[in-house]
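J.: Provided herewith is a single structure, encoded as structure tokens, for subsequent inquiry.
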Amino acid sequence: MGQIETVRKEAACYSESDIRPGQPGRPAPAQDIGNTWNDFRDCKQYEELVMRKIRNSGIRKSWRGLSVTLRSRIAIAGWFAVIAVLALAPRAWAVGTYEFVRQWPADQWAFIYPTGVATDSSGHVYVADYSSHCVRKFAATGEYLRTLGRNGTADGEFSGPFGIAVDGSDNVYVADTENHRIQKFDGNGAWLFTFGGYGNGDGEFYRPTGVTVDVSGNVYVADSANHRIQKFDSNGVFLGKWGDFGPGDGQFSTPGGVATDAAGNVYVADVDNNRIQKFSAGGIVQPPAYTMGCGGVAFSRPHALAVDGPGNLYVSDYENGRIHKLNSGGTCQFEWATSGPPLGVDLDASGNLYVAESSRAVVEVFAPDNTTPVATWPPFGAGQFNWPYGVAVTAGGTMYVADSRNNRIQKFDADGAFVMEWGSSGGGNDQFLLPVGLALDKDGNVYVTDRDNQRIQKFSPAGTYLRTFGGAGQLTLPNDVAVNASGYVYVADYGGNSVAVFDPDGTYSGALTGGLGIVAPTGVAVDGDGNVYVSGSASSLDYCIQKFDWNGEFVMSWGSSGTGEGQFTQPVGVVVDGFGNVYVAEWGNARVQKFDPDGRFMTSWGSWGGGPGQFQEPTMAAVDGLCNVYVADPDNHRIQKFTSTDTDDDGISNVDEGFDDPDEDGIPNYLDRDSDNDGVSDEEEHALNTDPYDPAHPDTLPLHAWPLLLMMLFVMLAGAGRCKCWTLRGRH
């Protein structure tokens, strides 16, 4: 208990420079009663100092000299005045909705699940992104050019586009898989027409995945769930079909990619039969099927195909993680090992090979017969991310991002500019194997959950390695980390079904227990009072948030499995702002929910997608000193920033109040004035840790409360006068 009490007192006294990510600074307790309520973090401390000054001032003596009746009337009138003022004052729990402010990187076009790739005669590259429901077009250099389509069922919209092909006139055909149709666009991205529809009749489809065009303009479609190939002319008119379900020659089990050579032969990736079949242009099977790749390796779920000018066949061998180059007779010519399981493949006029790797959400580019990629799209340089899972922000807006699949940490300044990065793949100091969670201590040091190395690493704000916490035997798949004001480290150990606690020197000191039972925790946060919040599951609930005090005693829980307000589906990140409000990033519901300190639902925002304010399985969140919320959106490969549309609940949005800096003096508009008309600029109040838009700690009474307060004071004094006369008459 002694250590816990020491920690509690220390937590009550740290200053603005000593902040935890996303939590406004707490001013140190004042040494005299002349300071405002903002100078205190402890109600009892403030009360004791107030009573001391009352005793020294003689106020209590004067008050006792009044009659009981007079004191009662004054007290009643005073209470009415206080109640009225509080009723009009801003409410700490009030909140508007949240709106998108910006994202990192600013020109985000990253893939979510790329499946198909095709090139045109000018070297442009088209990539079908199944989960983004669109097709992206790039220059041969990788420069993003445009996006075709969006999620939907209308003309030009997609639902899970998978395969893609380009004809001799640079028209683009897209297998719109979940809409069970093929759509055709011109080279400028304009929609031309659609053919097909759900069914198993001629010209109908059930989840078409592969599409190709021969030299005559005929279109071949792998009608995947109908286990057949269909042939159309360039206008989408049905010409023929072949195949049915089975393992025999000419039969299929989920046909995927399809390609044609200069002679008109048609090659089909028979995915679940683990083979490639060859047919004439009229659909006559030409056995034997190709079942072996290079090195005597049997194909395992081959997905996509491409054919070059001489007739060599390129096969994306999905489960084996390889590309095989075979001649027209099926003999191995060359092979590549890809960084992830390959799906779509295509060749440009120069023989460069483009490979869509859905699991890594990238496209790799290989020079002819070269095993090392010459480029990776998106280009994961400074400021770019590959599955950013964790985010932490200082009160001033400096941001750190766990760029998970790049095994590094990136740092950005308050203006969003890239500052530095550190880390690489490995198990040594300053190396990571899937970093995910981040936290900052009161000195600005950075703590990283190095998940697959089963440890926490600590770094200085400049990225210098300082210490390791945990390791095998103490942590199993740590997912998130939080640090309290005294440097105690809390780790949400997903694999260990616990929240592990470490002393500041790295010594393991136990784990949180009790409550509803901690099962597969995904997130952990600590508030300014030292309470610990844990997201994940419990023994008796699928999903919930649990709250523990400094001593590790269970306080409360809220939430259950579901999609409604206050319910959760796979909650991951949890963070607490300076007012004690709790934000939860939900992986399964693609949203962020906000709760008050007692777990009451306040608001939520977000939906599925890749647009501003949308998410694909959001993970972690952070809050800066102005209560802006930063959300890691890993499958969209970005970080998004949001602000409340009406932080002070005064009916005026933050945008209208001005978060910009039009006069470029370094002070945002909402601080560059005297909002409460007290003679002290908002900038000066901000520097003193007071905030005219902070409803929890206003430095003065709201301006609109003064008339009512004066009126109540007049009534109180008038009542006091009448009371005095009645009392004197009674004495005589």
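The values are calculated or read from the model by the stated rules, or taken from the named source; none is laboratory data. Remember, it's a predicted structure, so these values are computed and weren't measured experimentally. All Cβ positions, glycine included, derive from the backbone under ideal geometry; neighbour counts span all protein chains shown. Accessible surface is based on the protein model in full, side chains and every heavy atom, while ligands, DNA and RNA are left aside. Shrake-Rupley method; radii C 1.70, N 1.55, O 1.52, S 1.80 Å.
J.: Could you tell me which numbered condition Ala392 fails, if it satisfies all but one of (1) surrounded by fewer than 20 Cβ atoms within 10 Å (Cβ to Cβ); (2) in contact with a strand residue (DSSP E or B) (Cβ under 6 Å, 6 or more places away or on another chain); (3) of a type in the set (A, V, I, L, M)?
T.: (1)
J.: Looking at Asp223, is it surrounded by 22 or more Cβ atoms within 10 Å (Cβ to Cβ) and of a type in the set (Asp, Glu)? Let's see the steps before the verdict.
T.: Details: surrounded by 22 or more Cβ atoms within 10 Å (Cβ to Cβ): yes; of a type in the set (Asp, Glu): yes.
In short, yes.
J.: Being among the aromatic types (Phe, Trp, Tyr) and open to solvent by less than 40 Å² (accessible area, probe 1.4 Å) is the filter here; which residues of segment 193-220 pass it?
T.: Start the filter on segment 193-220 by keeping residues that are among the aromatic types (Phe, Trp, Tyr), which leaves 193, 195, 198, 205-206, 220.
Scanning segment 193-220 gives Phe195, Phe205, Tyr220.
J.: Of all residues in segment 117-135, which are closer than 21 Å to Ser316 by Cα and assigned to a strand (DSSP E or B)?
T.: The answer is Val117, Ala118, Thr119, Val125, Tyr126, Val127, Ala128, Asp129, Val135.
J.: Does any residue of segment 222-242 turn out to be assigned to a strand (DSSP E or B), within 43 Å of the chain's Cα centre (by Cα), in contact (Cβ under 8 Å) with a residue 12 or more places away in the chain and closer than 18 Å to Val345 by Cβ? Steps first, answer last, please.
T.: Kept after step one, since they are assigned to a strand (DSSP E or B), are these residues of segment 222-242: 222-223, 228-232, 238-242.
Those still in the list that are within 43 Å of the chain's Cα centre (by Cα) too: 222-223, 228-232.
Pick out the ones that are also in contact (Cβ under 8 Å) with a residue 12 or more places away in the chain and you get 222-223, 228-232.
Add one more test, that the residue is closer than 18 Å to Val345 by Cβ, and what stays is 222.
Within segment 222-242 (the criterion being assigned to a strand (DSSP E or B), within 43 Å of the chain's Cα centre (by Cα), in contact (Cβ under 8 Å) with a residue 12 or more places away in the chain and closer than 18 Å to Val345 by Cβ), the answer is yes, since at least one residue qualifies.
J.: If only one of Phe432, Phe469 is of a type in the set (Phe, Trp, Tyr) and over 23 Å from the mean Cα position of the chain (by Cα), which one is it? Spell out how you get there, then give the answer.
T.: Working: Phe432 fails: over 23 Å from the mean Cα position of the chain (by Cα).
It is Phe469.
J.: Scan segment 554-580 for residues that are within 19 Å of the chain's Cα centre (by Cα), farther than 17 Å from Ser537 by Cβ and not aliphatic (A, V, I, L, M) and jot them down.
T.: Correct list: Asp577 only.
J.: A follow-up question, please. Looking at segment 260-275, which of the residues that are farther than 21 Å from Pro310 by Cα and either assigned to a loop (DSSP other than H, G, I, E, B) or not hydrophobic (A, V, I, L, M, F, W, C) (or both) is least open to solvent (accessible area, probe 1.4 Å)?
T.: The residue in question is Asp270.
J.: If Val374 satisfies all but one of (1) surrounded by fewer than 23 Cβ atoms within 10 Å (Cβ to Cβ); (2) in contact with a Gly (Cβ under 8 Å, 6 or more places away or on another chain), what's the number of the condition it fails?
T.: Evaluating Val374 over (1) surrounded by fewer than 23 Cβ atoms within 10 Å (Cβ to Cβ); (2) in contact with a Gly (Cβ under 8 Å, 6 or more places away or on another chain) leaves (2) as the failure.
J.: Quickly run through segment 136-145 and pick out the residues that are assigned to a strand (DSSP E or B) and open to solvent by less than 50 Å² (accessible area, probe 1.4 Å).
T.: Arg136, Lys137, Phe138, listed by residue number.
J.: Output the residues belonging to segment 324-344 that are under 18 Å from Thr260 (Cβ atoms) and open to solvent by 10 Å² or more (accessible area, probe 1.4 Å). Can you show your working first?
T.: Initial filter on segment 324-344 (under 18 Å from Thr260 (Cβ atoms)): 325-330, 344.
Across segment 324-344, the qualifying residues are Lys325, Asn327, Ser328, Gly329, Gly330.
J.: When the residues of segment 608-625 are narrowed to those that are free of Cβ contacts under 8 Å to residues at least 60 places away in the same chain and more than 11 Å from the chain's Cα centre (by Cα), which ends up surrounded by the fewest Cβ atoms within 10 Å (Cβ to Cβ)?
T.: First, the residues of segment 608-625 that are free of Cβ contacts under 8 Å to residues at least 60 places away in the same chain: 608, 611, 614-615, 617-618.
Still in the running and more than 11 Å from the chain's Cα centre (by Cα): 608, 611.
Values: Trp608: 14, Gly611: 12.
In this case the residue turns out to be Gly611.
J.: Right, another one. If you go through segment 567-608, how many residues are on the phi > 0 side of the Ramachandran plot and in contact with a Ser or Thr (Cβ under 8 Å, 6 or more places away or on another chain)?
T.: Count: 3.
J.: Exactly one condition in (1) closer than 17 Å to Asn636 by Cα; (2) touching a Gly at 6+ places or on another chain (Cβ under 8 Å) is not met by Tyr144; state its number.
T.: (2)
J.: If I filter segment 469-515 down to residues being polar (S, T, N, Q) and touching a Gly at 6+ places or on another chain (Cβ under 7 Å), which single residue comes out as farthest from Leu438 (Cα to Cα)?
T.: At the first step, the residues of segment 469-515 found to be polar (S, T, N, Q) are 474, 476, 479, 484, 486, 497-498, 507, 509, 513.
Still in the running and touching a Gly at 6+ places or on another chain (Cβ under 7 Å): 476, 479, 484.
Values: Thr476: 17, Asn479: 9, Asn484: 13 Å.
Checked segment 469-515; the qualifying residue farthest from Leu438 (Cα to Cα) is Thr476.
Let's see how each residue does on (1) in a strand (DSSP E or B); (2) of a type in the set (A, V, I, L, M, F, W, C):
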{"site": "Gln546", "(1), (2)": "yes, no"}
{"site": "Glu565", "(1), (2)": "no, no"}
{"site": "Gly573", "(1), (2)": "yes, no"}
{"site": "Phe579", "(1), (2)": "no, yes"}
